[in-house]
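Just so it is clear, none of the values below were taken in a lab; they were calculated from the coordinates. Quick caveat: nothing in here was measured; it's all calculated off a predicted structure. Note that we place each Cβ from the backbone using ideal geometry, even for glycine, and neighbour counts take in every protein chain shown.
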Amino acid sequence: MFPPCFTDQHNLALRIDAYFNFIEGEYHLETKPGKETKEQPAPTQKVWDRDPEPATLAGLALSLGFNSLMAFDDYMENGEFAEVLKWAHLRIEASYEKKLHAQSAAGAIFALKNMGWNERKEIKPAEEQSHVLAVQVFESGPTPAESEKEVIL
């Protein structure tokens with residue numbers, strides 16, 4: 001199956017925004033009966049009709065019509081509107097990064113590592129790290145004298 005066809009950047013950005021709005025969930029406000037006083041009306045509370053969901057790359061890919069994360073990644077690297085998908089990817093990373101400040105951040109750490117984050121700076125292999133230049137010295141003419149006594153005029 002081919003990746004979805006996007007007509008323009010704006011359309012794709014709207015579809016991405018729709019995904020992020022959808023995962024926020026839906027709720028309505030209800031008043032708590034019996035809690036009102038003469039001075040204050042009854043307080044309201046959120047009642048979730050659809051619970052919020054965490055942002056995920058797979059969820060984003062599915063909502064945009066991709067059939068695999070590989071197709072999503074390929075479009076993000078080579079697609080016509082790759083920059084918009086990279087922006088959406090960054091939004092998901094940002095949502096996980098916010099979770100690093102929570103008491104239990106193990107899931108966020110795992111997700112961020114799978115997105116390419118590392119605890120330590122990567123050391124590149126020696127062949128990529130530096131380029132070795134081979135120098136070959138050619139001698140020409142007489143060998144240099146080691147002292148003035150060896151020079152004949």
* To do: Kindly provide the helix-only [θ] at 222 nm of the chain, computed as the sum of -39,500 (n - 2.57) over DSSP H runs of four or more divided by all residues, to the nearest 500 deg cm²/dmol?
  => -12000 deg cm²/dmol
* To do: Please build a GNM for the chain, connecting alpha carbons under 10 Å apart, and tell me which residue among K99, K32, K86 fluctuates the most.
  => K32
* To do: Using only alpha carbons, build the gyration tensor for the chain and give me the equivalent ellipsoid semi-axes, biggest first, whole Å.
  => 64, 24, 13
* With a Förster radius of 22 Å, plug the Cβ-Cβ distance of I109 and S63 into 1/(1 + (r/R0)^6) and report the FRET value to the nearest 0.05. => 0.30
* Structure fact -> If the chain between E97 and A13 were fully extended at 0.36 nm per residue, the gain over the current Cα-Cα distance would be 28.1 nm
* Can you give the translational diffusion coefficient of segment 54-115 in µm²/s, computed by Stokes-Einstein from the Kirkwood radius over Cα pairs at 4 °C and 1.567 mPa s? -> 106 µm²/s
